[in-house]
1. Only one of Thr160, Thr111 is surrounded by 16 or more Cβ atoms within 10 Å (Cβ to Cβ), over 19 Å from Arg58 (Cβ atoms) and polar (S, T, N, Q); which?
2. Does Leu68 satisfy the condition of being within 21 Å of Val16 (Cα to Cα), touching a Leu at 6+ places or on another chain (Cβ under 6 Å), in contact (Cβ under 8 Å) with a residue 60 or more places away in the chain and surrounded by 14 or more Cβ atoms within 10 Å (Cβ to Cβ)?
3. Just a yes or no: is a residue in segment 105-118 hydroxyl-bearing (Ser, Thr, Tyr) and under 20 Å from Ala37 (Cβ atoms)?
4. Can you name the residue in segment 130-154 that is buried (at least 22 other Cβ atoms within 10 Å of the Cβ) and among the aliphatic types (A, V, I, L, M) and is also farthest from Arg98 (Cα to Cα) among such residues?
5. Take segment 1-29 and flag every residue that is modelled with pLDDT of 75 or more and either of a type in the set (Lys, Arg) or not in a helix (DSSP H, G or I) (or both).
6. Since Gly53 meets every condition but one in (1) under 14 Å from Leu152 (Cα atoms); (2) not in a strand (DSSP E or B), which condition does it not meet?
7. So Ser140 ticks every box in (1) part of a helix (DSSP H, G or I); (2) of a type in the set (S, T, N, Q); (3) under 30 Å from Gly55 (Cα atoms) but one. Which box is left unticked?
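The values are calculated or read from the model by the stated rules, or taken from the named source; none is laboratory data. Only a predicted model underlies this, so the values are computations on that prediction, with no experimental measurement involved. Counting neighbours? That spans all protein chains shown, and the Cβs are built from the backbone with ideal geometry, glycine included.
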Amino acid sequence: MTIATMSLSSFRLCAVSLDASFRSQTDSERRREQAVAIFDLLENNAFVPVGHGGGPYRLGLALMDGRLVLSVTTEKDVPILCHHLSLTPFRRLFKDYRLVCDSYSDAAARTLPERLEAIDMGRRAVHDEASELLREHLKSKIDMDRGTARRLFTLMDIITQDVAYRAH
């Protein structure tokens, strides 16, 4: 089954929750970024646990031993899968994504629109690369469209950024 051949209303995320440690020690700006990323992910997604007949689904995210733990349940909390995703393949992309986002923020007030457009094109390229890598690493467990993978990568970036921020 592929996303293109299914009714998307059944194969979607209806909730995303973060491990309590992500919420308890973050500042208000990081909490806002997390809320926006979750809202964007829930607003428009196609999410299909491989071999499962339909949702909607709840996604829980946690970090454990340098891995992102994705816990998927049905809307009624029936367990579907739990997958530990290594973040090692994403480290360069997290770094590149943060650099280009920081460059955009720094340049926004004092740069010509053409320069901002070029920076944003770089951000989109990194985002696309990361979303394809995420889809590739999850394809045996979860099928998702490119937009869902992009939004999930954004949330992963915020989470890992939060952990790095608290470590310093």
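1. Thr160
2. yes
3. yes
4. Ile142
5. Within segment 1-29, Ser10, Phe11, Arg12, Leu13, Cys14, Ala15, Val16, Ser17, Leu18, Asp19 qualify.
6. Among (1) under 14 Å from Leu152 (Cα atoms); (2) not in a strand (DSSP E or B), Gly53 violates only (1).
7. (1)
Results for (1) part of a helix (DSSP H, G or I); (2) over 30 Å from Gly54 (Cα atoms), shown as yes or no for each residue.
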| position | (1), (2) |
| --- | --- |
| Arg91 | yes, yes |
| Arg98 | yes, yes |
| Thr111 | no, yes |
| Arg115 | yes, yes |
| Glu129 | yes, no |
| Leu134 | yes, no |
